[in-house]
1. I'd like to verify a number: residues in the stretch 333-346 that are surrounded by fewer than 20 Cβ atoms within 10 Å (Cβ to Cβ) and either part of a helix (DSSP H, G or I) or without any contact (Cβ under 8 Å) to a residue 40 or more places away in the chain (or both), how many?
2. Has the stretch 224-245 got any residue that is in contact with a Cys (Cβ under 6 Å, 6 or more places away or on another chain), crowded, with 18+ Cβ neighbours inside 10 Å and at pLDDT 95 or above?
3. Can you tell me which residue is farthest from the chain's Cα centre (by Cα) among those in the stretch 268-295 that are part of a loop (DSSP other than H, G, I, E, B) and more than 27 Å from Pro408 (Cα to Cα)?
4. Please give the number of the condition Gly298 fails out of (1) in contact with a helix residue (DSSP H, G or I) (Cβ under 8 Å, 6 or more places away or on another chain); (2) assigned to a loop (DSSP other than H, G, I, E, B); (3) farther than 30 Å from Glu347 by Cβ.
5. Would you pick out the residues in the stretch 217-241 that are more than 21 Å from Tyr104 (Cβ to Cβ) and assigned to a loop (DSSP other than H, G, I, E, B)?
6. Residues in the stretch 189-216 that are more than 23 Å from Glu276 (Cα to Cα) and hydrophobic (A, V, I, L, M, F, W, C): how many?
7. Name the helices (runs of 4 or more DSSP H) wholly within the stretch 375-455 that hold at least 2 residues that are surrounded by fewer than 16 Cβ atoms within 10 Å (Cβ to Cβ)?
8. When the stretch 302-312 is examined, which residues are found to be of a type outside the set (Val, Ile, Thr) and under 8 Å from the mean Cα position of the chain (by Cα)?
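The values are calculated or read from the model by the stated rules, or taken from the named source; none is laboratory data. Everything numeric in this text was worked out from a predicted model, so none of it was measured. Here the Cβ positions follow ideal geometry from the backbone for every residue, glycine too, while neighbour counts run over all protein chains shown.
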Amino acid sequence: MLNKTKLTLIGAGPAGSLLAIYLAKRGFHVDIYERRPDMRKTPISAGRSINLAISTRGIHALREAGVVDAIMKIAVPMKGRMMHAVSGELTFQRYGKDDTEVIYAVLRSELSMALMNEAEKYPNVKIHFNERCTGMDFKTGEIELRDDDIIGHARKARTEVVIGTDGSASAIRMDMLKAGRFNFSQQYLEHGYKELTIPAGPNGEYKIEKNALHIWPRKTYMLIALPNIDGSFACIFFFPFEGDPSFASLDHEVKVLDFFKTQFPDVVPLMPNLLENYFSNPTGAMVTIKCAPWHIDGKALLLGDAAHAIVPFFGQGVNCAFESCAYLAECIDQHGNDWQKIFAEFENLRKVNTDAIAELALKNFVEMRDLVADPKFLFKKKVEQALQQKYPTIFVPKYSMVTFHRLPYSVALSRGKIQDRILAELCESIDRIEDLDWDKAERLIKNDLRMPQTQ
């Protein structure tokens, strides 16, 4: 049964398209305004190009929307981290307790196109391409639209309810900021990123282990590689903007090649287009954005990166946004068409958790870049695994709480801090599992941790 309320979404990226499906299933008419042309017909960038990693939260949201099978067809499972030392030595660190706990790599462009296809299966969903939203008048409910390819092409469209899924540079958020009494902060990392590629072999084969996220950790910088379904790897080089070494200092082909041969010697033979990729692909910035409130009355709401952009180092950006789609749908089911209540409850449920995953993502950058090859860190990981095996329902590793469960991010953050303290105390004066004081471990765990309500 169709609902008479017409909803307008700004942005047809993964979050916007998935939200449209949730809304269409509830009978709403949904118009999506997307600033770019239809990428299924016109070759364009999918936006920020860092590959996405879908895990339990995202999979649950996709399943609730009835589209998980379509997305799994374009995803590659990753069982853990494959660490590459300068010497070429490989070390594998499993993500979960076994092969049932994996994450899935997917190209942003493939995910966007697949979700647009699924959204357009509903007759009450319409995607309008080449329609950039430049702002909103919250009094009249009008949004301002412009086609960047046609000079002077601008118009206004009246709306009932608008949801901004238009990313970290959200036009809806910018006008909320102008409206007053709106808290906003952004924090850029001193590191940027550049996309590189390991192409598939001559017969479409993978040149390195397929089912792993590859990391070349080098203290103040790192290179990672995620598998694609065509046998290639999308590589992301995280590097300081300034200093030595940095993007500013690697300004010549000879310097770049010498640097990669020294720091990533096993990668260079796998990247025939290294120099072309390095100098032709843009250098991206990474930002954490927080704001409040996320809504204005019952007229407009921010969701996904528009409300809470995070850095990519926990692989939770898209999972967090997808989870928010499911939460918003639950709020709609509870409150019908009372958008003021819906938006207020949604923000109350999600804000504390999006702040938590923002903090967790920043901390995981340090772990991936600096610690994954550190012997003390690796020993703590062994102790962590031993504690998980002995206390599987109580001592759940922080990474697992975030990635393989649907505990609120804020719970994962608070329990993770307690568990970090326990690990530090247990590992303080030992370097062998055999020397672990199990009586002390049991006392600390039972005194400081309660059993979480896992999902």
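1. So the count comes out to 8.
2. yes
3. First, the residues of the stretch 268-295 that are part of a loop (DSSP other than H, G, I, E, B): 271-273, 281-282, 293-294.
Those still in the list that are more than 27 Å from Pro408 (Cα to Cα) too: 271-273, 281-282.
Working: Met271: 26, Pro272: 29, Asn273: 27, Asn281: 21, Pro282: 20 Å.
Restricting to residues being part of a loop (DSSP other than H, G, I, E, B) and more than 27 Å from Pro408 (Cα to Cα), the top hit is Pro272.
4. (3)
5. Listed by number, the residues that qualify are Arg218, Lys219, Thr220, Tyr221, Phe241.
6. So the count comes out to 3.
7. Values: elements: 375-390, 398-403, 409-427, 438-448.
The helices (runs of 4 or more DSSP H) meeting that bar are 375-390, 409-427, 438-448.
8. Our first condition is that a residue be of a type outside the set (Val, Ile, Thr); within the stretch 302-312, this holds for 302-309, 312.
Of everything in the stretch 302-312, just one residue is of a type outside the set (Val, Ile, Thr) and under 8 Å from the mean Cα position of the chain (by Cα), namely Pro312.
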